[in-house]
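Here the structure is laid out as structure tokens; the discussion comes afterwards.
The values are calculated or read from the model by the stated rules, or taken from the named source; none is laboratory data. Remember, it's a predicted structure, so these values are computed and weren't measured experimentally. Quick reminder, even Gly has a Cβ in these numbers, built from the backbone with ideal geometry, and neighbours come from all protein chains shown.
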């Protein structure tokens with residue numbers, strides 16, 4: 001018979017909280033790590049600065065054999081920094097999903113990353129510990145997508161961004177259920193401004209488009225943000241005789257000819273999933 005003790009205890013806790021849980025996000029991280037005796041020996045005050053990553057593991061260990069219970073908005077168990085870290089999970093909200101990826105910026109996933117993150121560029125406080133994911137936050141928040149400028153280099157995969165501070169108003173907001181239904185994660189979305197007239201009449205200069213940077217697989221007929229020889233462009237991909245082309249919607253092909261999408265000089269940043277325009 002499967003041992004459901006952790007979930008029974010979580011349910012008992014939620015029952016005691018009652019309606020309070022509906023208005024307050026609760027995070028409980030029960031972390032039991034054995035401290036080395038050297039922590040307090042010889043007035044080793046340097047340990048006070050060990051707040052994350054490898055420095056904390058020097059004093060607290062890696063968390064092997066420890067289970068951390070997180071009651072929050074859910075955890076994205078497929079996040080690269082958390083693969084294999086979630087030992088068990090359950091939804092207590094009745095919404096029937098476990099992932100907080102519709103949240104911005106993913107609070108439960110962020111907490112889990114701080115505790116047990118095992119990414120290439122970041123390691124959590126206890127990367128060998130396991131996480132018990134109890135999703136208890138059923139708030140219907142909206143998610144924010146930041147407006148940015150792309151910073152690209154020719155031939156280089158990946159990109160950097162900087163805030164777009166041209167006075168275009170607040171970020172773009174989406175309902176979480178809309179994002180969830182389509183499988184979009186807010187931390188993969190960016191909003192960038194359309195430049196030039198090459199995509200008229202569908203996209204005009206100054207329009208904002210939302211780009212899903214997790215979707216870089218070329219698709220015939222779809223619109224993508226592309227790093228073309230170090231410059232950000234918005235183009236429609238077209239497949240012709242085994243070759244990918246960057247096509248403009250503008251029918252003036254003398255000014256806007258199709259350009260071959262050659263590996264190395266044509267790198268997909270992400271697929272355009274939404275546009276915001278004042279043109280009707």
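All conditions but one from (1) closer than 30 Å to residue 100 by Cα; (2) free of Cβ contacts under 8 Å to residues at least 24 places away in the same chain; (3) more than 22 Å from the chain's Cα centre (by Cα) apply to residue 222; the one that does not is (2).
Out of all the residues in segment 109-123, which are modelled with pLDDT under 85 and either in a loop (DSSP other than H, G, I, E, B) or in contact with a strand residue (DSSP E or B) (Cβ under 8 Å, 6 or more places away or on another chain) (or both)? Those that are modelled with pLDDT under 85 and either in a loop (DSSP other than H, G, I, E, B) or in contact with a strand residue (DSSP E or B) (Cβ under 8 Å, 6 or more places away or on another chain) (or both): 119, 120, 121, 122.
Criterion applied to 154, 101 was being closer than 30 Å to residue 276 by Cα, in the same structural domain as residue 191 (by TED's automatic domain parsing), part of a loop (DSSP other than H, G, I, E, B) and modelled with pLDDT under 85, and the one residue passing it is 154. Would you confirm whether or not segment 183-200 contains a residue that is under 21 Å from the mean Cα position of the chain (by Cα), exposed (fewer than 14 other Cβ atoms within 10 Å of the Cβ) and closer than 30 Å to residue 100 by Cβ? Yes; the residues of segment 183-200 include at least one that is under 21 Å from the mean Cα position of the chain (by Cα), exposed (fewer than 14 other Cβ atoms within 10 Å of the Cβ) and closer than 30 Å to residue 100 by Cβ. Checking each residue in segment 228-251 for being within 21 Å of residue 192 (Cβ to Cβ) and either exposed (fewer than 13 other Cβ atoms within 10 Å of the Cβ) or in contact (Cβ under 8 Å) with a residue 60 or more places away in the chain (or both) picks out 229, 230, 231, 232.
Condition check for residue 217 on (1) at negative phi; (2) in a loop (DSSP other than H, G, I, E, B); (3) more than 23 Å from the chain's Cα centre (by Cα): one failure, at (3). The condition of being assigned to a strand (DSSP E or B) and either under 28 Å from residue 85 (Cα atoms) or at pLDDT below 80 (or both) holds for only one of 149, 144, 236, that being 144.
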